[in-house]
Each structure stands twice: as structure tokens, then as C-alpha cells.
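*Asks:* Encoded as C-alpha cells, here's the structure I'll be asking about.
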Amino acid sequence: QVQLVESGGGLVQAGASLRLSCAASGRTFSRYAMGWFRQAPGKEREFSATISWSGASTYYADSVKGRFTISRDNAKNRVYLQMNSLKPEDTAVYYCAARGLGVGSTRRYEYDYWGQGTQVTVSS
């Protein structure tokens, strides 16, 4: 069982940066691949970034590639999403998710645990 709590969201202007954090409970955090997804109003939840259990492998959606960076600290049971050059279209609720297999995935149904989300709003 893994419990996830996101933080770090807020209201920023276009071009600004934010760093999201996801705190995980449980001693087996390092076995899980982690992902960040987002959901804008009226839209389906979509993949943003994923990282393998060791942090050696990462993958990004085209919409965030080059602007967002996912990382993790297994000693602290945390995963991060550094978001730079934010755009109004990045406005969404951002969710972190844990996958029991150590390899990341872009498919939301392959994740076993989800946080409650943190709101990111980017004004133009």
C-alpha cells in the first residue's frame, strides 16, 4: 500500500516555474515507478512524465518535453516535477501516481496508486 500526497501547486504567470512534490508513504517506495499526470477542466487525465524505480529512465509527453523534469529521491520517498517556462495550457490539476512494476508507463490504467492532486494555474 502506498499513499501519495502532492504539494507545490499555485497560481503563476506565463513563463514562470513551479516545482511539484509528491510525498509517498511506505517502505517499498523505491520499488515503484512513478508518474505525473494532469487533468484540465473538461478534459481527460493525460500523461506528463514518468520515472523508473531507480531514476535512471525518464520519459515525457511531447507537450512538456524540454520544459518539465521529473526526478526522485528514494531516501526521502519523494518524486518531483520541475516545471519551467509554464504556459496557460499547462493549467490543470496535477496528480502523481505509483506503478507496482519498476518501469514507467504513459498509460494511467497501469498505475496502482494515485494522490489527490494539486492545482496549477498559469495566467497569460
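*Asks:* Counting trypsin sites (Lys or Arg not before Pro) as exposed when in a DSSP loop with at most 13 other beta carbons within 10 Å, what is the longest stretch of the chain free of them?
*Replies:* 77-106
*Asks:* What is the local net charge at S21, summed over the other residues whose Cβ is closer than 12 Å to its Cβ (Lys, Arg +1; Asp, Glu -1)?
*Replies:* Overall, the nearby charge balance is +2.
*Asks:* Please list, or write none, the aspartates and glutamates whose alpha carbon is within less than 19 Å of the alpha carbon of K87, excluding same-chain residues fewer than 8 places away.
*Replies:* E44, E46, D62
*Asks:* Right, here's the next one. Under a point spin-label approximation (7 Å from Cα along Cα-to-Cβ), what is the S30-S7 distance to one decimal in nm?
*Replies:* For the pair S30/S7, the computed spacing is 2.3 nm.
*Asks:* If you place +1 on the Cβ of every Lys and Arg and -1 on the Cβ of every Asp and Glu, how big does the dipole about the Cα centre of segment 1-61 come out, in debye to the nearest 20?
*Replies:* Dipole magnitude for segment 1-61 comes out near 120 debye.
*Asks:* Within 13 Å, Cβ to Cβ, of Y32, how many net charges do the neighbouring residues add up to if Lys/Arg are +1 and Asp/Glu are -1?
*Replies:* Taking every other residue near Y32 into account, the sum is +3.
*Asks:* To the nearest 20 Debye, how big is the dipole of the chain about its Cα centre, given +1 on the beta carbon of each Lys and Arg and -1 on that of each Asp and Glu?
*Replies:* Value, rounded to 20: 240 debye.
*Asks:* What number comes out for accessible area per residue over the chain if the probe is 1.4 Å? Units Å², please.
*Replies:* 52
*Asks:* Also, quick follow-up: Leaving ligands, DNA and RNA out of it, report the carbon-plus-sulfur percent of the accessible area of the chain at a 1.4 Å probe.
*Replies:* 46
*Asks:* Let me ask something else about it. Among E110, E89, E46, what's the order by accessible area (1.4 angstrom probe), most exposed first?
*Replies:* E89, E46, E110
*Asks:* Specify which residue in the list V93, Q13, V103 is farthest towards the positive end of the charge dipole of the chain, using unit charges on the beta carbon of Lys, Arg (+1) and Asp, Glu (-1), about the Cα centre.
*Replies:* Sorting the options by dipole projection puts first V103.
The values are calculated or read from the model by the stated rules, or taken from the named source; none is laboratory data. It should be emphasised that the depicted structure is a prediction, and the values quoted were computed from it without experimental measurement. Positions of Cβ are backbone-derived with ideal geometry, glycine not excepted, and every protein chain shown enters the neighbour counts. What goes into the accessible areas is simple: the full protein's heavy atoms, side chains included, and nothing from ligands, DNA or RNA. Shrake-Rupley method; radii C 1.70, N 1.55, O 1.52, S 1.80 Å.
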